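The values are calculated or read from the model by the stated rules, or taken from the named source; none is laboratory data. All of these numbers come straight from a predicted model, not from anything done at the bench. Here the Cβ is made from the backbone with ideal geometry for all residues, glycine too, and neighbour counts use every protein chain on show.
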Amino acid sequence: MSNENSKRTVEVRTIDGVDALVNTDPGEIFIDLPASNPRYIRVQEGDRIQEGDVSTRTTAEMAGPLLTNWQIESITAETITGTDTDTGETREWDREQLTHRLGAREFSAELTTFDRVSVTKVEEWPGRQPVEDIEEVKPYVIAIAYGNNGEKFTQLYAATESGDWDSLEVVQQDTTIKDFSDELRNRFDDAVQKTIEVEQQYH
């Protein structure tokens, strides 16, 4: 899993009772939450945020008129400025307060990037019952991509040729991935592929 915290100025803050690493540099918000439930949140200038928790609300609820969308215009060391995408109204937040609200899921970031990906090679299809007289295809690779909105997305690959990483094909994926736009799906695939290529170097 990649980690860019070494490139950021970060400090520890308590969000919803847990310690998180939060960057303080202008230009972006980055919240790195703990390994017990790993997720990260990244918002850059030009990105959008929305009121509500994308992890607990349905797509229809998030698209409703009661949850305002804001385009982030500027992120300084002290303040964040956004524009209501419907009305054009401009609003300024205290950076520390909005960062906390993002970490506490009062606001959701628009999903745009997958900066962190982990891949795990396994010898059996997770959760699948063995089938007699059918040769199982190996290896299987579980890819977990962490989105900048705090969510994670899982995809299972299988080799069509035993032991051959170059023959991996998707055999199972989260239903959410199927709903990605073409652009977002390309970003997801690129992030996973790059991580798999790195892993291949060590196998």
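What to note about this one:
- Subset tally (residues that are within 24 Å of residue 154 (Cβ to Cβ) and either of a type in the set (Lys, Arg) or at pLDDT below 90 (or both)) for the range 17-34: 3
- Residues (at pLDDT 85 or above and of a type in the set (D, E, K, R)) located in the range 35-89: 39, 42, 45, 47, 48, 51, 53, 73, 78, 84, 86, 89
Table: residues versus (1) surrounded by fewer than 16 Cβ atoms within 10 Å (Cβ to Cβ); (2) in contact (Cβ under 8 Å) with a residue 60 or more places away in the chain.
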residue	(1), (2)
39	no, yes
51	yes, no
55	yes, yes
70	no, no
73	yes, no
82	no, no
91	yes, no
97	yes, no
108	no, no
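- Of residues in the range 93-105 being of a type in the set (D, E, K, R) and out of contact with any Gly (no Cβ under 8 Å at 6 or more places or on another chain), the one nearest to residue 153 (Cα to Cα): 101
- Near pairs, Cβ below 6 angstrom, 6+ apart or cross-chain, from the range 152-171 (surrounded by fewer than 16 Cβ atoms within 10 Å (Cβ to Cβ)) to any residue that is modelled with pLDDT of 90 or more and not in a strand (DSSP E or B): 154/174
- Complete set of residues in the range 79-94 that are assigned to a loop (DSSP other than H, G, I, E, B) and closer than 16 Å to residue 109 by Cβ: 85
- Applying the criterion of being outside any strand (DSSP E or B) and closer than 16 Å to residue 116 by Cβ to the residues of the range 17-35, the residue that is nearest to the chain's Cα centre (by Cα) is 33.
- Residues in the range 172-203 that are among the hydroxyl-bearing types (Ser, Thr, Tyr) and assigned to a loop (DSSP other than H, G, I, E, B) were compared, and the one that is modelled with the highest pLDDT is 181.
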